[in-house]
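Remarks on the structure that follows.
Just so you know, all these numbers are worked out from the coordinates, no wet-lab data involved. Quick caveat, the model's predicted, so the values are computed rather than measured. Quick reminder, even Gly has a Cβ in these numbers, built from the backbone with ideal geometry, and neighbours come from all protein chains shown.
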Amino acid sequence: MVNKIDEITMKLMHYFITEKNYNPVILQGAKNEIWLENLNSDYKIIRIVSNYIHNNEQLNFDLYRSSTIIKKIKKQTFSFSMNTLSIFINLGDNVDEEKIRPSKEMDFVGIKDIDELNKCDNVIKAFPNIIKDTKFDEEGVNLYMKITDDIAHKNEENGKKAEEIFAVRKPYVTYALLAINILLFIIMVFVSGDGVYGFQTETLVKFGGNVKSLVLNGEYWRLIASAFLHDGFLHLICNMYALYVLGIQLENFFGKTRFAIIYLFSAITGNLLSLVFADPNVVSIGASGAIFGLFGSLLYFGYYYRVYLGTVLRTQIVPVILINLLFGIVTPGIDNAAHIGGLIGGVFISMGIGVKFKSTKSDMINGMIVSTLYLLFLIYMGFFR
């Protein structure tokens, strides 16, 4: 026999997990309450609380305690907001909900039956079908069996999606990019005779360095070619290490074709922004603009999968980007404009090609529009301003 509170809890769990793609959050010490998260929903956290709440003081304490947990989740998942809905299904008669003032990002509602969710406009606005989709023909043990089977099937489906995204594959495009960069460097060393520690300006220009005066004169191919050239062994090694580390991950996440698009688009946008600020006769080379585009792409991907990558973004990726940008600002001879142009380009083109299982068609259309406008803006600023 399933009691009323357990029945409401199961029905709500079933709705949020199977219909709204929420996932359980495992918290130590959380008794008689279920936490669910979907960081792409209006309510990123749903709490279903079956604890008996006797009075307002106990309810206020519960909301305060949960707000401290939410702050930690917000930090760990690199989230800027964390709107939370707490559904209490066992409030005592002494609780006066009208006198409770939760924090800005937290809504709550107390119910004795799911139909009472109609009294909460915010809930119905966010989940308009919640009443209809929590109606079942089954009762008792049969209801329990159906709900557990449906949730298990949904969890299995989500597991397969995560496995598909994070599965390790051979990063052939990354290997090809590494090979092209290294091969061109070797050719430059033998053809120029300049050695491995740096090249004469004439050599860099000959092999395709990004020179504003030449690009404006019609040599547009330099916007791509310069991204495969490096001025010395140390320059090459640093960029190739970054390309290898980022490339093998992003090629797995996005696939070969989309990864290649991200890399080349970022290289072009980096070199275009470099044109805007460059001296007409200065030579700019290197894969840094494209690599910063990979950083931007990883930021965009990681934001969608920040349950898995939030800590990595916060403690590793963002600090590395900021340190490199700062290093470029204070160190002479580094083309920081190319870094910034590539970084922004990587974010925008990733929006356009989309993140598997996460991006909507509308998101991708908007991303392609933004990417096109960004590219046209850079072309205008570089060639016609």
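Remarks
- Here's how it looks for residue 106: its modeled amide H is under 5 Å from those of 84, which are all 5 or more places away or on a different chain.
- Segment residue 238-residue 112, length gained on full extension (0.36 nm per residue, minus Cα span): 39.2 nm
- Amide H contacts under 5 Å for residue 33, placed H, 5+ residues apart: 50
- In Hz, Karplus ³J(HN,Hα) per residue of region 353-360 (6.51, -1.76, 1.60; θ = phi - 60°; x = Gly, Pro): 8, x, 9, 4, 6, 10, 6, 8
- Calculated FRET efficiency, residue 191 to residue 72, Cβ-Cβ distance, R0 = 56 Å: about 0.45 to the nearest 0.05.
- Modelled FRET efficiency - R0 51 Å, residue 175 with residue 94, Cβ distances, 0.05 increments: 0.15
- Relative contact order (percent, whole number), region 247-385, Cα cutoff 8 Å, 6+ residue spacing: 33
- Backbone geometry of region 64-79 corresponds, through the Karplus equation with coefficients 6.51, -1.76 and 1.60 at θ = phi - 60°, to 3J(HN,Hα) couplings of 5, 4, 5, 5, 5, 5, 5, 4, 5, 4, 4, 5, 5, 9, 6, 9 Hz, x marking Gly and Pro.
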